[in-house]
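Have a look at the structure below, then the notes.
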Amino acid sequence: MRLRGVVTSAVAGMLALTACSSSDAGAAGGVDAQALSAAVTTDAVLGHLVELEQIAAAHDGNRAAGTSGYDASVDYVARILRDKGFDVQTPEFAFDRFDVHSQSLRVGELAPEIVALTYSPSSGPDGVRGRVVPVPADDTPGCEPTDYDGLDVAGAIALVDRGSCTFADKQAVAADRGAAALLVANNSPEPLTGGTLGDAGAGRIPVGGVGQADGAALAASPGEATLVLDTITDTLRTRNVVAQTRTGSTDDVVMAGAHLDSVPEGPGVNDNGTGVGAVLETALALGPTPPAANAVRFAFWGGEELGLLGSDAYVAGLDDAQRDDIALYLNFDMLGSENAGYLSYDGDDSDRAGSGPGPEGSAGIERTFVDYLAAQGISADGTDFDGRSDYGPFIEAGIPSGGVFSGADDVKSAEQARKWGGDADQPFDRNYHSPDDTLANVDAEALGVGASAVAYAVGTYANSVEGENGVPVGDARAHARTTE
Ligand SMILES: [Zn+2]
(Lines give C-alpha, C1' and ligand atoms only; values in the text may rest on other atoms or scores of the structure.)
Protein backbone atom coordinates (compact mmCIF):
# COMPACT_ATOMS: atom_id res chain seq x y z
CA MET A 1 0.00 0.00 0.00
CA ARG A 2 2.85 2.27 0.67
CA LEU A 3 3.74 4.90 -2.00
CA ARG A 4 7.49 4.35 -2.18
CA GLY A 5 8.35 7.54 -4.10
CA VAL A 6 6.84 9.92 -1.52
CA VAL A 7 8.77 8.37 1.38
CA THR A 8 12.17 9.05 -0.17
CA SER A 9 11.34 12.67 -0.94
CA ALA A 10 9.94 13.21 2.56
CA VAL A 11 13.37 12.64 4.10
CA ALA A 12 14.91 15.12 1.59
CA GLY A 13 11.96 17.46 2.23
CA MET A 14 12.61 17.57 5.95
CA LEU A 15 16.19 18.74 5.30
CA ALA A 16 14.91 21.31 2.77
CA LEU A 17 12.48 22.69 5.40
CA THR A 18 15.27 23.42 7.85
CA ALA A 19 17.63 24.78 5.17
CA CYS A 20 14.96 27.12 3.84
CA SER A 21 14.18 28.70 7.21
CA SER A 22 17.23 30.98 7.05
CA SER A 23 16.61 32.11 3.43
CA ASP A 24 13.99 34.35 1.81
CA ALA A 25 10.55 32.67 2.49
CA GLY A 26 8.81 35.42 4.52
CA ALA A 27 9.37 37.79 7.45
CA ALA A 28 10.21 35.10 10.04
CA GLY A 29 12.31 33.14 7.57
CA GLY A 30 9.24 31.28 6.61
CA VAL A 31 8.09 27.73 6.09
CA ASP A 32 8.64 25.99 2.77
CA ALA A 33 5.10 24.78 2.12
CA GLN A 34 6.15 22.43 -0.67
CA ALA A 35 8.80 20.85 1.54
CA LEU A 36 6.33 20.56 4.41
CA SER A 37 3.80 18.80 2.18
CA ALA A 38 6.50 16.38 1.05
CA ALA A 39 7.52 15.80 4.66
CA VAL A 40 4.01 14.57 5.51
CA THR A 41 4.31 11.07 4.12
CA THR A 42 1.54 8.59 3.50
CA ASP A 43 3.50 6.08 5.54
CA ALA A 44 3.64 8.31 8.57
CA VAL A 45 -0.06 9.12 8.34
CA LEU A 46 -0.90 5.44 7.96
CA GLY A 47 1.12 4.83 11.12
CA HIS A 48 -1.39 6.95 13.07
CA LEU A 49 -4.28 5.03 11.48
CA VAL A 50 -2.77 1.76 12.63
CA GLU A 51 -2.64 3.15 16.18
CA LEU A 52 -6.23 4.43 16.08
CA GLU A 53 -7.51 1.14 14.68
CA GLN A 54 -5.70 -0.74 17.44
CA ILE A 55 -7.23 1.61 20.00
CA ALA A 56 -10.69 0.83 18.67
CA ALA A 57 -9.95 -2.88 18.67
CA ALA A 58 -8.94 -2.64 22.33
CA HIS A 59 -12.12 -0.69 23.23
CA ASP A 60 -15.23 -2.51 21.95
CA GLY A 61 -14.44 -1.74 18.31
CA ASN A 62 -15.01 2.00 18.41
CA ARG A 63 -13.73 5.39 19.52
CA ALA A 64 -17.10 7.08 20.07
CA ALA A 65 -17.56 10.14 22.28
CA GLY A 66 -17.87 9.29 25.94
CA THR A 67 -16.17 5.91 25.58
CA SER A 68 -12.79 4.59 26.72
CA GLY A 69 -11.88 4.26 23.04
CA TYR A 70 -12.25 8.00 22.61
CA ASP A 71 -10.29 8.75 25.78
CA ALA A 72 -7.46 6.51 24.55
CA SER A 73 -7.51 8.38 21.23
CA VAL A 74 -7.17 11.69 23.10
CA ASP A 75 -4.28 10.31 25.14
CA TYR A 76 -2.56 9.11 21.98
CA VAL A 77 -2.78 12.40 20.10
CA ALA A 78 -1.86 14.47 23.17
CA ARG A 79 1.14 12.28 23.95
CA ILE A 80 2.47 12.42 20.39
CA LEU A 81 2.21 16.22 20.34
CA ARG A 82 3.71 16.64 23.80
CA ASP A 83 6.61 14.37 22.86
CA LYS A 84 7.23 16.73 19.95
CA GLY A 85 7.38 19.71 22.29
CA PHE A 86 3.95 21.24 21.81
CA ASP A 87 1.96 22.80 24.64
CA VAL A 88 -1.14 20.65 24.56
CA GLN A 89 -4.51 21.53 26.08
CA THR A 90 -7.35 19.05 26.43
CA PRO A 91 -10.27 21.32 27.26
CA GLU A 92 -13.27 19.47 28.62
CA PHE A 93 -16.86 20.05 27.65
CA ALA A 94 -20.06 18.39 28.71
CA PHE A 95 -22.64 16.86 26.43
CA ASP A 96 -25.89 15.08 26.86
CA ARG A 97 -25.87 11.46 25.77
CA PHE A 98 -29.05 9.67 24.90
CA ASP A 99 -29.44 5.96 24.34
CA VAL A 100 -32.37 3.57 23.88
CA HIS A 101 -32.23 0.15 25.54
CA SER A 102 -35.60 -1.00 24.22
CA GLN A 103 -38.72 0.50 22.68
CA SER A 104 -42.08 -1.08 21.85
CA LEU A 105 -45.80 -0.36 21.79
CA ARG A 106 -48.73 -2.77 22.03
CA VAL A 107 -52.39 -1.83 21.81
CA GLY A 108 -54.55 -4.93 21.62
CA GLU A 109 -53.45 -6.73 18.46
CA LEU A 110 -51.62 -3.68 17.15
CA ALA A 111 -47.82 -3.46 17.58
CA PRO A 112 -46.93 -0.29 15.69
CA GLU A 113 -43.28 0.63 15.17
CA ILE A 114 -42.32 3.24 17.75
CA VAL A 115 -39.19 5.38 18.01
CA ALA A 116 -38.25 7.18 21.21
CA LEU A 117 -37.61 10.88 20.71
CA THR A 118 -34.09 11.91 21.68
CA TYR A 119 -33.92 12.85 25.37
CA SER A 120 -37.28 11.16 26.04
CA PRO A 121 -37.44 10.31 29.75
CA SER A 122 -37.50 6.56 30.35
CA SER A 123 -40.60 4.49 30.99
CA GLY A 124 -38.38 1.89 32.62
CA PRO A 125 -38.05 -1.65 31.27
CA ASP A 126 -41.62 -2.58 32.21
CA GLY A 127 -43.11 0.42 30.43
CA VAL A 128 -46.19 2.56 30.97
CA ARG A 129 -49.70 1.09 30.77
CA GLY A 130 -52.68 3.26 30.05
CA ARG A 131 -55.54 4.19 27.74
CA VAL A 132 -54.59 5.80 24.43
CA VAL A 133 -56.38 9.14 24.25
CA PRO A 134 -56.35 10.80 20.81
CA VAL A 135 -56.22 14.61 20.97
CA PRO A 136 -58.37 16.13 18.23
CA ALA A 137 -56.19 17.58 15.50
CA ASP A 138 -56.36 21.28 14.64
CA ASP A 139 -53.84 23.68 13.08
CA THR A 140 -51.71 23.48 16.18
CA PRO A 141 -52.20 19.84 17.31
CA GLY A 142 -51.53 19.38 21.00
CA CYS A 143 -49.80 22.73 21.30
CA GLU A 144 -52.31 24.44 23.60
CA PRO A 145 -53.82 23.24 26.88
CA THR A 146 -57.24 23.96 25.39
CA ASP A 147 -56.63 21.12 22.92
CA TYR A 148 -57.22 18.84 25.92
CA ASP A 149 -60.47 20.44 27.02
CA GLY A 150 -63.07 17.73 27.61
CA LEU A 151 -60.43 14.99 27.57
CA ASP A 152 -59.38 12.92 30.58
CA VAL A 153 -55.74 12.10 30.03
CA ALA A 154 -54.79 11.64 33.66
CA GLY A 155 -52.42 8.65 33.73
CA ALA A 156 -53.22 7.98 30.10
CA ILE A 157 -51.13 7.97 26.93
CA ALA A 158 -52.01 10.99 24.83
CA LEU A 159 -51.81 10.76 21.03
CA VAL A 160 -51.22 13.95 19.04
CA ASP A 161 -50.24 14.78 15.48
CA ARG A 162 -46.89 16.21 14.53
CA GLY A 163 -46.64 19.84 13.45
CA SER A 164 -46.76 23.51 14.35
CA CYS A 165 -44.95 23.46 17.70
CA THR A 166 -41.97 21.57 19.04
CA PHE A 167 -42.13 18.05 20.41
CA ALA A 168 -40.90 19.46 23.70
CA ASP A 169 -43.86 21.86 23.84
CA LYS A 170 -46.35 19.10 22.98
CA GLN A 171 -45.11 16.82 25.77
CA ALA A 172 -45.08 19.66 28.28
CA VAL A 173 -48.73 20.47 27.51
CA ALA A 174 -49.67 16.77 27.80
CA ALA A 175 -47.72 16.41 31.05
CA ASP A 176 -49.42 19.49 32.48
CA ARG A 177 -52.73 17.74 31.76
CA GLY A 178 -51.56 14.65 33.63
CA ALA A 179 -50.69 12.37 30.76
CA ALA A 180 -48.27 9.55 31.65
CA ALA A 181 -46.74 9.47 28.17
CA LEU A 182 -47.15 10.94 24.70
CA LEU A 183 -47.33 9.44 21.23
CA VAL A 184 -46.69 11.70 18.24
CA ALA A 185 -48.04 10.62 14.86
CA ASN A 186 -45.86 11.62 11.92
CA ASN A 187 -47.34 13.83 9.22
CA SER A 188 -45.83 11.61 6.53
CA PRO A 189 -46.00 7.83 5.96
CA GLU A 190 -42.60 6.76 7.34
CA PRO A 191 -41.91 6.23 11.07
CA LEU A 192 -41.08 9.40 12.97
CA THR A 193 -37.31 9.14 13.30
CA GLY A 194 -34.79 11.81 14.28
CA GLY A 195 -37.25 13.60 16.53
CA THR A 196 -35.81 15.23 19.64
CA LEU A 197 -36.93 17.10 22.73
CA GLY A 198 -33.98 19.41 22.11
CA ASP A 199 -32.05 19.01 25.33
CA ALA A 200 -31.73 16.58 28.21
CA GLY A 201 -33.55 18.87 30.62
CA ALA A 202 -36.73 19.25 28.57
CA GLY A 203 -38.22 15.78 29.10
CA ARG A 204 -41.19 15.45 31.47
CA ILE A 205 -42.89 12.25 30.23
CA PRO A 206 -41.82 9.45 27.85
CA VAL A 207 -42.39 10.47 24.19
CA GLY A 208 -42.35 8.23 21.13
CA GLY A 209 -43.08 8.71 17.46
CA VAL A 210 -45.22 6.51 15.23
CA GLY A 211 -45.91 6.55 11.48
CA GLN A 212 -48.89 8.45 10.06
CA ALA A 213 -50.95 5.31 9.25
CA ASP A 214 -50.29 3.79 12.66
CA GLY A 215 -51.29 7.06 14.27
CA ALA A 216 -54.58 7.04 12.37
CA ALA A 217 -55.20 3.39 13.31
CA LEU A 218 -54.56 4.13 17.00
CA ALA A 219 -56.86 7.16 16.89
CA ALA A 220 -59.57 5.09 15.21
CA SER A 221 -59.49 2.36 17.86
CA PRO A 222 -57.83 3.64 21.01
CA GLY A 223 -57.40 0.89 23.58
CA GLU A 224 -55.28 -0.05 26.52
CA ALA A 225 -51.63 0.28 25.63
CA THR A 226 -48.28 -0.91 26.94
CA LEU A 227 -45.57 1.57 25.96
CA VAL A 228 -41.93 0.73 26.60
CA LEU A 229 -39.41 3.49 26.02
CA ASP A 230 -36.50 2.24 28.11
CA THR A 231 -34.01 5.04 27.57
CA ILE A 232 -31.02 6.59 29.25
CA THR A 233 -30.07 10.26 29.23
CA ASP A 234 -26.96 11.37 30.98
CA THR A 235 -24.47 14.16 30.81
CA LEU A 236 -20.94 13.14 29.97
CA ARG A 237 -17.74 15.10 29.89
CA THR A 238 -15.29 14.66 27.05
CA ARG A 239 -12.34 16.52 25.64
CA ASN A 240 -10.95 18.27 22.62
CA VAL A 241 -7.21 18.35 22.01
CA VAL A 242 -5.68 21.72 21.10
CA ALA A 243 -2.01 22.49 20.46
CA GLN A 244 -0.41 25.65 19.13
CA THR A 245 3.01 26.60 17.81
CA ARG A 246 5.00 28.87 20.09
CA THR A 247 6.22 31.04 17.25
CA GLY A 248 4.26 33.33 14.94
CA SER A 249 1.71 36.05 15.43
CA THR A 250 -1.22 35.16 17.63
CA ASP A 251 -3.26 37.92 15.95
CA ASP A 252 -3.51 35.83 12.80
CA VAL A 253 -3.89 32.26 13.99
CA VAL A 254 -4.13 29.58 11.30
CA MET A 255 -6.31 26.74 12.59
CA ALA A 256 -6.42 23.19 11.24
CA GLY A 257 -8.83 20.68 12.74
CA ALA A 258 -10.16 17.16 12.46
CA HIS A 259 -12.64 15.27 14.58
CA LEU A 260 -11.20 12.48 16.69
CA ASP A 261 -14.32 10.57 17.60
CA SER A 262 -15.85 7.76 15.63
CA VAL A 263 -19.42 6.56 15.46
CA PRO A 264 -20.31 3.75 17.90
CA GLU A 265 -20.72 1.34 14.98
CA GLY A 266 -17.05 1.08 14.02
CA PRO A 267 -13.39 2.13 14.44
CA GLY A 268 -13.72 5.24 12.24
CA VAL A 269 -10.43 4.82 10.41
CA ASN A 270 -11.43 6.82 7.35
CA ASP A 271 -14.01 8.81 9.34
CA ASN A 272 -12.01 10.33 10.72
CA GLY A 273 -8.69 8.68 11.49
CA THR A 274 -7.48 9.95 8.12
CA GLY A 275 -8.15 13.61 8.96
CA VAL A 276 -6.59 13.17 12.40
CA GLY A 277 -3.55 11.43 10.94
CA ALA A 278 -2.99 14.13 8.34
CA VAL A 279 -3.37 17.05 10.78
CA LEU A 280 -1.26 15.31 13.42
CA GLU A 281 1.53 14.50 10.97
CA THR A 282 1.47 18.07 9.68
CA ALA A 283 1.94 19.31 13.24
CA LEU A 284 4.84 16.91 13.74
CA ALA A 285 6.48 17.93 10.47
CA LEU A 286 6.03 21.64 11.22
CA GLY A 287 7.19 21.34 14.83
CA PRO A 288 6.31 23.62 17.76
CA THR A 289 8.64 26.49 16.78
CA PRO A 290 8.55 26.93 12.99
CA PRO A 291 10.01 30.06 11.38
CA ALA A 292 6.49 31.16 10.48
CA ALA A 293 4.90 34.60 10.55
CA ASN A 294 1.64 33.23 11.96
CA ALA A 295 0.87 30.92 14.85
CA VAL A 296 -0.67 27.59 13.85
CA ARG A 297 -3.26 25.94 16.09
CA PHE A 298 -4.10 22.26 15.66
CA ALA A 299 -7.41 20.94 16.99
CA PHE A 300 -8.83 17.47 17.39
CA TRP A 301 -12.55 17.58 18.13
CA GLY A 302 -14.67 15.39 20.29
CA GLY A 303 -18.35 14.65 19.75
CA GLU A 304 -18.48 15.53 16.05
CA GLU A 305 -20.59 12.50 15.25
CA LEU A 306 -23.10 13.60 17.89
CA GLY A 307 -23.55 17.00 16.28
CA LEU A 308 -20.29 18.96 16.07
CA LEU A 309 -20.29 19.14 19.89
CA GLY A 310 -16.56 19.69 20.43
CA SER A 311 -16.02 22.36 17.79
CA ASP A 312 -19.25 24.03 18.81
CA ALA A 313 -18.21 24.13 22.48
CA TYR A 314 -14.80 25.44 21.48
CA VAL A 315 -16.07 28.33 19.32
CA ALA A 316 -18.79 29.18 21.84
CA GLY A 317 -16.12 29.34 24.55
CA LEU A 318 -14.10 32.01 22.74
CA ASP A 319 -14.62 35.69 23.47
CA ASP A 320 -14.81 38.19 20.61
CA ALA A 321 -11.11 39.02 20.73
CA GLN A 322 -10.13 35.32 20.66
CA ARG A 323 -12.44 34.67 17.69
CA ASP A 324 -11.05 37.69 15.90
CA ASP A 325 -7.52 36.34 16.34
CA ILE A 326 -8.44 33.26 14.27
CA ALA A 327 -7.64 34.21 10.69
CA LEU A 328 -9.04 31.04 9.14
CA TYR A 329 -10.07 27.47 9.85
CA LEU A 330 -9.10 24.42 7.77
CA ASN A 331 -11.23 21.29 8.27
CA PHE A 332 -10.31 17.73 7.38
CA ASP A 333 -12.91 15.02 7.71
CA MET A 334 -12.35 11.88 5.59
CA LEU A 335 -9.36 11.86 3.25
CA GLY A 336 -9.06 8.18 2.34
CA SER A 337 -12.43 7.09 1.01
CA GLU A 338 -12.31 3.80 -0.82
CA ASN A 339 -13.94 5.19 -4.00
CA ALA A 340 -12.21 8.47 -3.45
CA GLY A 341 -13.27 11.89 -4.60
CA TYR A 342 -11.07 14.99 -4.70
CA LEU A 343 -13.30 17.63 -3.22
CA SER A 344 -12.69 21.08 -1.77
CA TYR A 345 -15.27 22.99 0.28
CA ASP A 346 -17.02 25.36 -2.13
CA GLY A 347 -16.01 28.61 -0.44
CA ASP A 348 -17.21 30.84 -3.31
CA ASP A 349 -20.36 28.82 -3.92
CA SER A 350 -19.41 28.46 -7.56
CA ASP A 351 -21.42 25.23 -7.68
CA ARG A 352 -24.54 27.18 -6.72
CA ALA A 353 -25.67 24.11 -4.74
CA GLY A 354 -26.91 23.79 -1.16
CA SER A 355 -25.85 26.51 1.22
CA GLY A 356 -24.26 29.76 0.03
CA PRO A 357 -20.60 30.86 0.03
CA GLY A 358 -18.46 30.72 3.13
CA PRO A 359 -17.41 33.83 5.03
CA GLU A 360 -15.21 36.29 3.16
CA GLY A 361 -11.86 34.62 2.52
CA SER A 362 -13.28 31.13 2.07
CA ALA A 363 -13.06 31.54 -1.71
CA GLY A 364 -9.30 32.10 -1.46
CA ILE A 365 -8.89 29.03 0.71
CA GLU A 366 -10.76 26.98 -1.88
CA ARG A 367 -8.43 28.29 -4.59
CA THR A 368 -5.38 27.32 -2.52
CA PHE A 369 -6.56 23.71 -2.40
CA VAL A 370 -7.85 23.56 -5.97
CA ASP A 371 -4.60 25.01 -7.30
CA TYR A 372 -2.52 22.64 -5.18
CA LEU A 373 -4.48 19.60 -6.41
CA ALA A 374 -4.26 20.86 -10.00
CA ALA A 375 -0.49 21.01 -9.58
CA GLN A 376 -0.70 17.30 -8.68
CA GLY A 377 -2.62 16.69 -11.89
CA ILE A 378 -5.97 16.43 -10.12
CA SER A 379 -9.01 18.44 -11.14
CA ALA A 380 -10.94 18.94 -7.91
CA ASP A 381 -14.67 19.46 -7.57
CA GLY A 382 -16.50 21.56 -5.03
CA THR A 383 -18.37 20.18 -2.04
CA ASP A 384 -21.03 22.14 -0.22
CA PHE A 385 -20.67 23.69 3.20
CA ASP A 386 -23.65 21.55 4.21
CA GLY A 387 -22.85 21.85 7.90
CA ARG A 388 -22.01 18.17 8.30
CA SER A 389 -18.56 18.75 9.75
CA ASP A 390 -16.63 20.92 12.17
CA TYR A 391 -16.27 23.94 9.92
CA GLY A 392 -19.92 24.61 10.82
CA PRO A 393 -19.38 26.60 14.08
CA PHE A 394 -16.48 28.50 12.47
CA ILE A 395 -18.38 29.70 9.43
CA GLU A 396 -21.29 30.56 11.70
CA ALA A 397 -18.87 32.81 13.60
CA GLY A 398 -17.82 34.42 10.31
CA ILE A 399 -14.41 32.72 10.24
CA PRO A 400 -13.33 31.86 6.67
CA SER A 401 -12.97 28.13 6.26
CA GLY A 402 -12.07 25.43 3.79
CA GLY A 403 -10.49 22.06 3.38
CA VAL A 404 -10.35 18.94 1.28
CA PHE A 405 -12.58 15.88 1.47
CA SER A 406 -12.65 12.49 -0.25
CA GLY A 407 -16.39 11.94 0.01
CA ALA A 408 -18.76 10.02 2.27
CA ASP A 409 -22.17 8.55 1.41
CA ASP A 410 -22.68 10.74 -1.65
CA VAL A 411 -22.41 8.99 -5.01
CA LYS A 412 -19.53 9.49 -7.47
CA SER A 413 -20.76 10.69 -10.86
CA ALA A 414 -19.74 9.20 -14.18
CA GLU A 415 -17.80 12.37 -14.97
CA GLN A 416 -15.97 12.15 -11.64
CA ALA A 417 -15.17 8.46 -12.23
CA ARG A 418 -13.82 9.37 -15.66
CA LYS A 419 -11.39 11.94 -14.24
CA TRP A 420 -10.51 10.35 -10.86
CA GLY A 421 -11.02 6.64 -11.48
CA GLY A 422 -13.09 4.41 -9.25
CA ASP A 423 -16.75 3.44 -9.55
CA ALA A 424 -19.43 5.65 -11.00
CA ASP A 425 -22.84 5.66 -9.32
CA GLN A 426 -21.29 4.21 -6.19
CA PRO A 427 -20.78 5.95 -2.83
CA PHE A 428 -17.41 7.56 -2.26
CA ASP A 429 -17.22 5.50 0.94
CA ARG A 430 -19.50 2.47 1.12
CA ASN A 431 -18.08 1.72 4.57
CA TYR A 432 -19.27 5.05 5.95
CA HIS A 433 -20.31 4.81 9.59
CA SER A 434 -19.99 1.03 9.63
CA PRO A 435 -17.83 -1.65 11.26
CA ASP A 436 -16.03 -1.87 7.90
CA ASP A 437 -14.56 1.61 8.19
CA THR A 438 -11.16 0.01 8.72
CA LEU A 439 -7.56 0.51 7.61
CA ALA A 440 -7.98 -2.19 4.96
CA ASN A 441 -10.60 -0.04 3.24
CA VAL A 442 -8.62 3.19 3.16
CA ASP A 443 -7.41 4.42 -0.23
CA ALA A 444 -3.77 5.19 0.59
CA GLU A 445 -3.19 7.13 -2.62
CA ALA A 446 -6.07 9.51 -1.95
CA LEU A 447 -4.94 9.79 1.65
CA GLY A 448 -1.43 10.70 0.53
CA VAL A 449 -2.73 13.47 -1.71
CA GLY A 450 -5.13 14.76 0.92
CA ALA A 451 -2.50 14.77 3.67
CA SER A 452 0.03 16.63 1.52
CA ALA A 453 -2.69 19.19 0.71
CA VAL A 454 -3.27 19.69 4.44
CA ALA A 455 0.42 20.38 4.98
CA TYR A 456 0.70 22.62 1.93
CA ALA A 457 -2.18 24.83 3.04
CA VAL A 458 -0.99 25.00 6.64
CA GLY A 459 2.52 25.93 5.48
CA THR A 460 1.21 28.50 3.02
CA TYR A 461 -1.00 30.31 5.52
CA ALA A 462 1.57 30.00 8.31
CA ASN A 463 3.68 32.31 6.17
CA SER A 464 0.90 34.70 5.22
CA VAL A 465 -2.87 34.95 5.40
CA GLU A 466 -2.86 37.83 2.93
CA GLY A 467 -2.61 37.96 -0.85
CA GLU A 468 -4.94 36.79 -3.61
CA ASN A 469 -5.87 33.60 -1.80
CA GLY A 470 -5.81 35.32 1.57
CA VAL A 471 -8.43 36.30 4.13
CA PRO A 472 -9.40 39.64 5.68
CA VAL A 473 -6.90 40.99 8.20
CA GLY A 474 -7.02 43.80 10.76
CA ASP A 475 -9.97 46.20 10.46
CA ALA A 476 -11.16 44.46 7.30
CA ARG A 477 -11.59 41.29 9.35
CA ALA A 478 -13.59 42.99 12.09
CA HIS A 479 -15.71 44.61 9.39
CA ALA A 480 -16.19 41.39 7.44
CA ARG A 481 -17.31 39.54 10.56
CA THR A 482 -19.73 42.16 11.77
CA THR A 483 -21.42 42.40 8.36
CA GLU A 484 -21.49 38.61 7.67
ZN1 LIG B 1 -16.54 12.50 10.06
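The values are calculated or read from the model by the stated rules, or taken from the named source; none is laboratory data. As the structure is a computational prediction, the values presented were derived from the model and not from experiment. Reconstructed Cβ throughout: ideal geometry from the backbone, glycine too, with neighbour counts over all protein chains shown. Side chains included, ligands, DNA and RNA excluded: accessible areas come from the protein's heavy atoms. Shrake-Rupley method; radii C 1.70, N 1.55, O 1.52, S 1.80 Å.
With protein chains left intact and a 1.4 Å probe, residues in the chain average 39 Å² of accessible area per residue. Net charge in the neighbourhood of THR245 (other residues with Cβ under 13 Å of its Cβ; Lys, Arg +1, Asp, Glu -1) is +1.
Ordering of 254-262, 78-86, 411-419, 154-162 by packing is 254-262, 154-162, 78-86, 411-419, highest average first (other Cβ atoms within 10 Å, averaged per residue).
Taking a ≥ b ≥ c as the square roots of the eigenvalues of the Cα gyration tensor of segment 190-279, is the shape rounded (a/c under 1.5), prolate (a/b larger than b/c) or oblate? It comes out prolate by the Cα gyration axes.
Compared with the direct C-alpha span, the chain from ARG246 to ALA58 gains 64.2 nm at full extension, assuming 0.36 nm per residue. Surface composition of the chain: carbon and sulfur atoms hold 49% of the protein heavy-atom accessible area at a 1.4 Å probe. Stretched out straight at 0.36 nm per residue, the stretch from GLN426 to ALA374 would grow longer than its current Cα-Cα span by 16.3 nm.
For segment 98-233, a simple Cβ point-charge model (Lys and Arg +1, Asp and Glu -1, everything else neutral) yields a dipole of about 240 debye relative to the Cα centre. Note on the chain: helix-only mean residue ellipticity at 222 nm, from DSSP H runs of 4+ residues weighted -39500 (n - 2.57) and normalised by residue number, equals -10000 deg cm²/dmol. Rounded, prolate or oblate, given the Cα gyration tensor of segment 71-146, with a/c below 1.5 counting as rounded? In terms of gyration-tensor shape, prolate. Ranking TRP301, TRP420 by solvent-accessible area of protein heavy atoms (1.4 Å probe, all protein chains present), from largest to smallest, gives TRP420, TRP301. Here the Kirkwood formula, the inverse mean of 1/r across different C-alpha pairs, assigns segment 98-233 a hydrodynamic radius of 14.1 Å.
Long hydrophobic helices in the chain, taken as whole DSSP H segments with a C-alpha length of 27 Å or more on their own axis and mean Kyte-Doolittle hydropathy at least 0.5: 444-463.
Rolling a 1.4 Å probe over the protein chains gives PHE93 an accessible area of about 20 Å².
Taking Cβ atoms as reference points and 14 Å as the exclusive limit, the residues near GLU224 contribute a net charge of +2, counting Lys and Arg as +1 and Asp and Glu as -1. Just read off the accessible area of CYS143 with the full protein assembly in place, 1.4 Å probe, to the nearest 10 Å². That residue has around 20 Å² of solvent-accessible surface. Taking square-rooted eigenvalues a ≥ b ≥ c of the alpha carbon gyration tensor, is segment 234-337 rounded, prolate or oblate, where a/c under 1.5 means rounded and, failing that, a/b exceeding b/c means prolate? Oblate is the answer for segment 234-337, as a/c is 1.5 or above yet b/c matches or exceeds a/b. Extending 7 Å from Cα along the Cβ direction at ASP99 and again at THR196 yields two label points whose distance is 1.8 nm.
Summing charges over all other residues whose Cβ lies under 12 Å from the Cβ of VAL296, with Lys and Arg as +1 and Asp and Glu as -1, gives +1.
Within the chain, all pairs of alpha-carbon atoms sorted by distance into 20 Å bins from zero give the percentages 23, 47, 25, 5, 0. Taking 7 Å steps out from each Cα toward its Cβ at HIS479 and ALA216 produces label points 5.9 nm apart.
One decimal place: the segment GLN89-VAL411 gains 112.1 nm when fully extended, by the rule 0.36 nm per residue minus the C-alpha distance.
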